[in-house]
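Below: one structure, written as structure tokens.
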Amino acid sequence: MATIQVLLDESGAILGTTQGPDSASGESAPAQVGLVAGPGQHVVEVEVADAVLEGSPAELHTHLRTSLLG
């Protein structure tokens with residue numbers, strides 16, 4: 001299982017997703033990676049099976065719409 005962030009607009013449409021690195025190293029490695037919501041948007045964290053992440057972005061978005069919106 002992997003935890004990803006999903007950026008949604010006020011109607012629940014998916015605007016983007018991100019999955020942070022498992023570990024960062026080196027001087028210039030970011031301490032944290034994430035999405036920032038703008039006005040009328042919000043970010044949720046969800047767990048998805050690794051197999052879902054191996055598919056296409058369209059398959060991921062279909063899975064997320066089903067999971068998030070029922």
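Can you tell me which residues in region 47-61 are within 13 Å of Val6 (Cα to Cα) and touching a His at 6+ places or on another chain (Cβ under 8 Å)?
Within region 47-61, just Val48 meets the criteria.
Please specify each residue of region 16-44 satisfying the condition of being modelled with pLDDT of 90 or more and not in a loop (DSSP other than H, G, I, E, B).
Gly16, Thr17, Gln41, His42, Val43, Val44
Being aliphatic (A, V, I, L, M) and surrounded by fewer than 10 Cβ atoms within 10 Å (Cβ to Cβ) is the filter here; which residues of region 52-70 pass it?
The answer is Ala58, and nothing else.
The values are calculated or read from the model by the stated rules, or taken from the named source; none is laboratory data. Predicted, not measured: the structure shown is a model, and the values here were computed from it. No Cβ is skipped: glycine too gets one built from the backbone with ideal geometry, and neighbour counts run over all protein chains shown.
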